[in-house]
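Throughout, read-outs are computed from the coordinates displayed, never taken from laboratory work. On a predicted model such as this, the values are computed, not experimentally measured, just so you know. Cβ placement follows ideal geometry from the backbone for every residue including glycine, while neighbour counts extend to all protein chains displayed.
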Ligand code: GLN
């Protein structure tokens with residue numbers, strides 16, 4: 001039964017449907033795997049103690065002839081930014097240690113209703129601020145490809161859990177790349193849906209105009225199956241789109257089968273290459289472009305001149321929104337409370353709590369955001385950043401007038417070593433140069449593994465971006481590229497993951 005953990009969710013779904021495997025067996029296999037490797041990987045902050053009970057009830061329902069959805073009985077890991085009633089939700093922060101939510105996030109509720117088995121909560125940078133999980137208050141997650149390296153961030157836990165075969169499916173959140181960049185460095189698939197396509201209700205907010213919840217998986221089809229479960233209108237989220245969405249899983253199946261690359265207009269973003277991009281990342285990317293051309297895709301270079309300012313604009317808009325969102329952690333309403341010695345006023349208790357409860361990166365961003373929003377500076381900083389945001393949206397509009405999809409490497413480098421960028425926030429921030437523009441424009445993006453960088457043998461991801469609401473196009477094209485590369489290698493990239501001492 002050791003092989004259960006190597007199955008994709010789609011494969012597992014078939015075996016569950018035909019009763020070859022039970023949900024209890026599937027869940028037990030993943031719990032065993034977690035027990036086996038998670039002391040090394042540390043993808044999980046909390047492992048569910050009710051997962052087997054849930055699995056048992058799914059098996060009973062199936063046995064009684066109930067018609068269940070395709071993902072019923074499949075284990076799901078959930079980023080700790082999403083609130084759950086049966087496990088603590090900390091968002092990687094000390095200030096929320098042990099916090100139990102009175103309700104489930106909509107995506108969690110929908111996952112449970114679809115019969116998914118919540119197996120645990122995954123590690124993340126505190127309040128989703130970071131690109132390495134080194135900012136988690138509970139210690140970093142390690143990259144299953146090389147335990148001395150970062151698994152990306154902020155959703156390093158979800159990506160590592162999936163890459164280490166601790167869960168076939170996971171949920172993440174992406175404000176500036178926290179699903180796609182971890183996917184890139186762990187050889188997994190990560191999708192940031194169109195803003196508003198998936199509910200944010202119950203996702204502990206970082207920057208509300210940028211945050212988006214999405215799937216973390218090992219294949220494009222699996223991501224599509226998961227987005228079909230979590231997506232769609234939610235009246236509890238005022239920014240949720242009321243669109244009726246096509247099935248993303250069907251789009252992925254179509255892509256894997258069909259001839260979607262022929263005649264596809266693909267734009268290579270000029271600004272997302274060259275300086276700062278690792279040679280091996282660039283060469284894998286270039287090879288993929290050549291492969292696309294061979295399949296009949298029409299590849300052209302497009303320029304997005306304002307991408308140059310994306311990271312700067314993001315680091316004004318994000319801290320501004322974050323400083324406001326994090327004001328609710330005031331020692332009264334949620335989580336921890338610290339009494340200063342000898343007592344104190346409400347303000348002193350609040351200050352002592354926030355001093356003890358927040359880590360350095362969170363404090364840095366609160367200070368930045370509060371400053372950017374302060375009376376005399378609002379127009380100069382926040383106002384200018386919003387204008388840049390509009391210019392970036394226009395760059396995308398102009399690009400998508402010429403091409404069907406845009407592509408770039410998902411991040412400039414492969415997984416870096418622990419500590420390498422910790423003392424230099426700018427270096428850390430620049431890691432998201434390729435992913436941030438999509439958040440600023442609200443468009444969807446996917447990261448698909450395209451091979452290993454020759455110089456370090458670590459995974460590289462291809463980012464594909466589509467116009468707003470065209471998520472299905474990403475799944476179609478992503479699955480087509482995945483199938484193409486699989487045919488070339490004779491296996492999926494992830495199945496060749498060498499790490500964890502051969503475990
Ligand atoms: N790494 C980026 C940041 O630190 C993105 C975070 C995210 O997407 N949640 O803000």
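Just to verify a number: FRET efficiency for residue 49 and residue 328, C-beta to C-beta distance, R0 = 22 Å, to 0.05? Numbers along the way, then the final one.
Details: r = 29 Å, r/R0 = 1.32.
In this case the efficiency is close to 0.15.
Return, ordered by residue number, the residues of the range 214-240 whose backbone nitrogen is under 19 Å from a label point located 7 Å along Cα→Cβ of residue 486. Those under the cut-off are 215-228.
Computed on the chain, with alpha-carbon pairs under 8 angstrom and 6+ residues apart, the relative contact order is 18 percent.
Can you tell me which of 474-486, 432-444 comes out highest on packing, and rank the rest after it, using the mean Cβ neighbours within 10 Å? Mind dumping the intermediate values first?
Working: 474-486: 24.9, 432-444: 26.8.
Highest to lowest by the protection proxy: 432-444, 474-486.
Taking 7 Å steps out from each Cα toward its Cβ at residue 390 and residue 287 produces label points 4.4 nm apart. Only Cα sites of the chain enter the Debye sum here, all with the same form factor; the resulting log10 I(q)/I(0) across q = 0.06, 0.07, 0.08, 0.13 1/Å is -0.24, -0.33, -0.44, -1.21, listed in q order. Projected label points at residue 347 and residue 423, each 7 Å from Cα along the beta carbon direction, are separated by 3.7 nanometres.
With neighbour counts taken as other beta-carbon atoms within 10 Å, the residues 76, 225 rank, fewest first, as 225, 76.
In percent, how large is the relative contact order of the range 245-330, given Cα pairs closer than 8 Å and 6 or more residues apart?
Values: 48 pairs, mean separation 30.8, N = 86.
36 percent.
Looking at the chain, the DSSP beta bridges with both ends there are about 65 percent antiparallel. Helical runs assigned H by DSSP (4 residues or longer) give the chain a calculated mean residue ellipticity at 222 nm of -12000 deg cm²/dmol, each run adding -39500 (n - 2.57) before division by the residue total.
When both the range 64-89 and the range 421-473 are represented by their alpha-carbon centers, they are found 27 Å apart. The modelled label-to-label distance between residue 244 and residue 15, using points 7 Å beyond Cα along the C-beta direction, is 3.7 nm.
Of interest is the spacing of the C-alpha centroids, which for the range 218-249 and the range 262-291 amounts to 28 Å. Placing a label point 7 Å from the Cα of residue 57 along the Cα-to-Cβ line, the residues of the range 21-37 whose backbone N sits under 18 Å from it are 23-28.
Sort 106-117, 393-404, 340-351 for me by packing, meaning the mean count of neighbouring Cβ atoms within 10 Å per residue, highest on top. Don't jump to the answer; show the numbers that get you there.
Working: 106-117: 22.6, 393-404: 17.0, 340-351: 11.7.
By packing density, highest mean first, the sequence is 106-117, 393-404, 340-351.
The peptide list 414-420, 459-465, put in order of mean Cβ contacts within 10 Å with the highest first, becomes 459-465, 414-420.
Kirkwood analysis of the range 1-112, using all unique Cα-Cα pairs, places the hydrodynamic radius at 15.1 Å. Scaled against 2.2 N^0.38 Å for its residue count N, the alpha carbon radius of gyration of the range 364-434 is 1.49.
The alpha-carbon atoms of the range 434-489, seen along their principal axes, cover 34, 23, 8 angstrom, with the largest extent given first.
With a Förster radius of 22 Å, plug the Cβ-Cβ distance of residue 32 and residue 147 into 1/(1 + (r/R0)^6) and report the FRET value to the nearest 0.05. Rounded to the nearest 0.05, the efficiency is 0.65. Taking one quarter of the surface of the C-alpha convex hull of the range 214-303 gives a mean projected area of 8.3 nm².
Calculate the FRET efficiency for residue 103 and residue 259 from the Cβ-Cβ distance with a Förster distance of 45 Å, rounded to the nearest 0.05.
0.50
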